[in-house]
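What follows is a single structure, written as structure tokens, with notes after it.
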Amino acid sequence: MFKKLILFAFIVVFPASVSSSSLPDFSELVEDAAPAVVKINTVSTPKRSQTQDRRQGQLPEIFRDLLNRNQRPIRPSRTMGSGFVIDQNGFILTNHHVVDGAEEIQVQFSDRSEYSATIVGSDRRSDLALLKIEAENLPSLDFADADTIKVGSWVLAIGSPFGLDYSVTAGIVSAIGRSLPTERGENYVPFIQTDVAINRGNSGGPLFNLDGKVVGINSQIYSPTGGSVGLSFSIPVSIAKNVVSQLRSSGKVTRGYFGVAITDVNKDLALALGLPGPMGAAVSNVTANSAAEKGGILDGDIIVEVDNQSILRSGDLPHIVGLIAPGTKVPVEVYRKGKVKKLSVVVGALDADDDILASSSRGGDRLGLSLEEVSQRELRALRIRQGLKISFVADGSPASIAGLALDDVIVQIGYSSLEDLDEYQDILDNLPEGSPIAIRFYRDGQAYFTTVEIEN
């Protein structure tokens, strides 16, 4: 009898604690927002690898002709993604990687109407692209205020994962201000992390708050399986507004630039330098004639504040500096020899084709790796003819998730052996997204296999 009473009490109390009235109803939001969300289909022609062209060029002409006759025709590559209308006159926002290299772009609305789109401008550093279609009086979406997103807030995504049009998924904000360096080591986006189910095809779609306003643009996921595991990342509206404004006015994006290589400050370094605690960005190198050098920033300084905004981690610096208009004089606060020093720095410009980094000195490539040549002595010790040694692995990168580590020697990626750094770059440029890639490597004299996966 006692057990039955306990069970009854549990049954009565439990439903009250998870009443459906306490959970948000997204139906109205979806009904209002879905007409402004679009499916994007692109067509592009895959490029031949530079290595293939170089090797073929070394052959006698008779053999080159033979190879050309027997070569399979290059088939067009088709990709899909999502986007949304930000202006009723036909401006659409999506991801850079959705339309990068596209020769044809088709935009489809929920009513099945279709339009050809052109690229107004595209920015790889933020992974954002602005498209234009010839249409008027379109339903459009509004950006939320940049400071309204909070950890724990409900959010909702609409997109076309795996081509399944206008799929709706929801979750909560897991973190804000996440630093995820690109394949070039650049870090200009403080990502919103959520547990919303995002998959291939969701890229470029909107992330909404409960008011139906866009708080982020869905960009990438981390997954060992290829599907969603609750680690999704979106570009915040603070970045999107700035990028859209510049793309509409000039078709390109210019960012603020200091010209420093930086690293994080851990507990031990903070103690050694006399800091109150782990904080700021440690300057490991100042670029000659850069804005930082002209403003008095020195190697070894700890940057803790820029333009009255605190630098808590090194990843905060490029986020903040990148949004400052070039030519603007801003106050900068640094720790130097245990004391606070106040400086004024005129922010430089990071041009579209400038590859000098204003973030981490090392961020890795598409796999999150930096590689270097292996000495002949090391190759002989491993009894191998060729390979490249890992000199850096970015935290949370595909390589890190796959278990690759410092000083591992990679000898093969897929079916391709690694001859040199140029060969590796060619392989890297042509790695598929969303599919497991086999990697063979040596560690402590033993050969191993692992798989990595680059998310789209």
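We did not get these values from a lab; they are worked out from the coordinates using the rules stated. This structure is a prediction, so every number in the text was calculated from the model and none was measured. Methodologically, a virtual Cβ is constructed for each residue, glycine included, from the backbone with ideal geometry; neighbour enumeration extends over all protein chains shown.
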The residues Val98, Val151, sorted from fewest to most surrounding Cβ atoms within 10 Å, come out as Val151, Val98
Between the stretch 411-455 and the stretch 93-171, what is the C-alpha centre distance in whole Å? 32 Å
Which order, highest average first, do 153-162, 302-311 follow once you tally other Cβ atoms within 10 Å for each residue and take the mean per peptide? 153-162, 302-311
For Ile198, Ile297, what ranking results if the residue with the fewest other Cβ atoms within 10 Å of its Cβ goes first? Ile297, Ile198
For the stretch 255-286 and the stretch 185-218, compute the distance between their C-alpha centroids and round to whole Å. 29 Å
Tell me, what is the FRET efficiency for Leu23 and Asp87 to the nearest 0.05, using R0 = 22 angstrom and their Cβ-Cβ distance as r? 0.10
For a quick check: sort Val30, Val265, Val286 by the number of other beta carbons within 10 angstrom, fewest at the front. Val30, Val286, Val265
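When you count, for each residue, the other Cβ atoms within 10 Å and take the mean per peptide, how do 405-413, 369-377 rank with the highest first?
Descending packing order for the listed peptides: 405-413, 369-377.
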